[in-house]
Amino acid sequence: MSPILDSFSLDGKVSLVTGGSRGLGLGMATALAEAGSEVVLVSRTKEQLEEARQTIKAQSGKDAHVIAGDVANLNDINAIVEGTLKKFQHIDILINNAGINCRKPFMEITPEEFDGVMAVNIRAVYFLSQRVARHMIERGQGGNIIHTASLSSFIGISNISVYGSTKGAVASLTKQMAVELAPHKIRVNAIAPGYFETSLTQKLFQDEKRVQWMLDRTPLGRTGKPDDLKGIVVFLASAASDYTTGTITFIDGGWMAS
């Protein structure tokens with residue numbers, strides 16, 4: 001293998017992926033395993049985790065480790081990190097992908113719905129990152145933290161005001177963390193997917209007019225697939241991007257450019 005291709009290798013690395021049992025999280029976790037990383041999948045549902053584990057093993061040949069837990073719960077966050085360290089002794093890569101949505105008009109959102117989305121989409125990202133970064137700093141070998149942002153980090157979209165607010169916060173947090181953690185050789189970046197069909201967006205894809213609207217606005221003329229995130233997540237997680245931190249990369253078929 002050539003030196004440039006070697007720089008994309010994740011052999012010997014350990015990746016912790018939240019929301020890793022399906023959709024974009026599973027796609028990214030599979031890519032990390034294919035690049036050589038050991039992978040720990042986190043989700044609330046044990047059954048889905050086991051299915052994801054089999055998918056990764058079939059595609060990469062690596063046997064992922066799974067931990068059932070709720071990242072909105074601070075006790076679970078600690079247990080997730082401790083469980084990963086007990087299994088592998090270190091964490092090199094954190095993918096903050098877990099997320100939920102509440103599709104309702106701004107005027108109809110309740111405090112309970114607001115708090116629920118905030119707890120998963122930004123509070124969990126903040127405190128899991130803090131816990132993992134503490135380990136990375138103590139270990140002294142740096143690391144990579146990658147958040148899942150969104151088009152709604154930067155543009156307004158109807159009926160997802162709470163989700164969009166959290167994703168705007170994720171984009172800002174990416175930059176803040178990148179600056180503070182750079183002295184410890186911890187790089188922090190974010191991926192902002194466009195329209196991908198996942199369990200989180202399933203309702204959108206049942207609306208034919210909305211799907212056509214998506215396609216009409218996307219220069220590449222199609223919506224995304226989980227495999228479309230594989231290249232960027234391996235790049236950001238690997239030595240190939242050693243001088244890249246604080247960035248938010250759109251994987252959107254040209255949506256934002258148009």
Legend entry - Qualifying position, being of a type in the set (A, V, I, L, M, F, W, C), within 17 Å of Ala64 (Cα to Cα) and in contact (Cβ under 8 Å) with a residue 60 or more places away in the chain, among Ile100, Ile93: Ile93
Inset, instruction - Among the residues of the stretch 185-195, write down those that are crowded, with 20+ Cβ neighbours inside 10 Å and either modelled with pLDDT under 90 or over 15 Å from the mean Cα position of the chain (by Cα) (or both). - result: Ile186, Tyr195
Legend entry - Which numbered condition Asp70 misses (of (1) part of a helix (DSSP H, G or I); (2) under 19 Å from Gly23 (Cα atoms)): (1)
Inset, instruction - For the stretch 133-141, state whether one or more residues are open to solvent by less than 10 Å² (accessible area, probe 1.4 Å), at pLDDT 95 or above, farther than 25 Å from Phe196 by Cβ and assigned to a helix (DSSP H, G or I). - result: yes
Inset, instruction - Would you please name the residue that is most open to solvent (accessible area, probe 1.4 Å), looking only at residues in the stretch 209-240 that are within 20 Å of the chain's Cα centre (by Cα) and farther than 23 Å from Lys167 by Cα? - result: Ala239
Legend entry - Count of residues meeting criterion [touching a strand residue (DSSP E or B) at 6+ places or on another chain (Cβ under 7 Å) and more than 14 Å from Ala33 (Cβ to Cβ)] in the stretch 4-18: 1
Inset, instruction - List every residue pair whose Cβ atoms sit under 6 Å apart, with the two residues 6 or more apart in sequence or on different chains, where the first one lies in the stretch 132-158 and is in contact (Cβ under 8 Å) with a residue 60 or more places away in the chain and the second, anywhere, is of a type in the set (Val, Ile, Thr) and surrounded by fewer than 20 Cβ atoms within 10 Å (Cβ to Cβ). - result: Ala149/Ile248
Inset, instruction - Check whether at least one residue in the stretch 33-40 is surrounded by 15 or more Cβ atoms within 10 Å (Cβ to Cβ), under 24 Å from Met136 (Cα atoms) and acidic (Asp, Glu), and report yes or no. - result: yes
Inset, instruction - Go through Ile109, Ile77 for me and flag whichever is open to solvent by 30 Å² or more (accessible area, probe 1.4 Å) and of a type in the set (Val, Ile, Thr). - result: Ile109
Inset, instruction - Please tell me if Leu5 is modelled with pLDDT under 95, over 19 Å from the mean Cα position of the chain (by Cα) and either of a type outside the set (D, E, K, R) or open to solvent by 50 Å² or more (accessible area, probe 1.4 Å) (or both). - result: yes
Inset, instruction - Looking for whichever is among the aliphatic types (A, V, I, L, M), open to solvent by 50 Å² or more (accessible area, probe 1.4 Å) and under 20 Å from Arg131 (Cβ atoms) here; the options are Ala98, Ala68. Which one fits? - result: Ala68
Inset, instruction - Within the stretch 114-123, identify whether any single residue is touching a Phe, Trp or Tyr at 6+ places or on another chain (Cβ under 8 Å), at pLDDT below 95, within 22 Å of Gly20 (Cα to Cα) and of a type outside the set (Val, Ile, Thr), and answer yes or no. - result: no
Legend entry - Count of residues meeting criterion [open to solvent by 20 Å² or more (accessible area, probe 1.4 Å) and over 13 Å from Phe250 (Cα atoms)] in the stretch 145-172: 10
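The values are calculated or read from the model by the stated rules, or taken from the named source; none is laboratory data. What you see is a predicted model; the values in this text were computed from it and never measured. All Cβ positions, glycine included, derive from the backbone under ideal geometry; neighbour counts span all protein chains shown. Please note that ligands, DNA and RNA were not included when accessible areas were found on the heavy atoms of the full protein model with its side chains. Shrake-Rupley method; radii C 1.70, N 1.55, O 1.52, S 1.80 Å.
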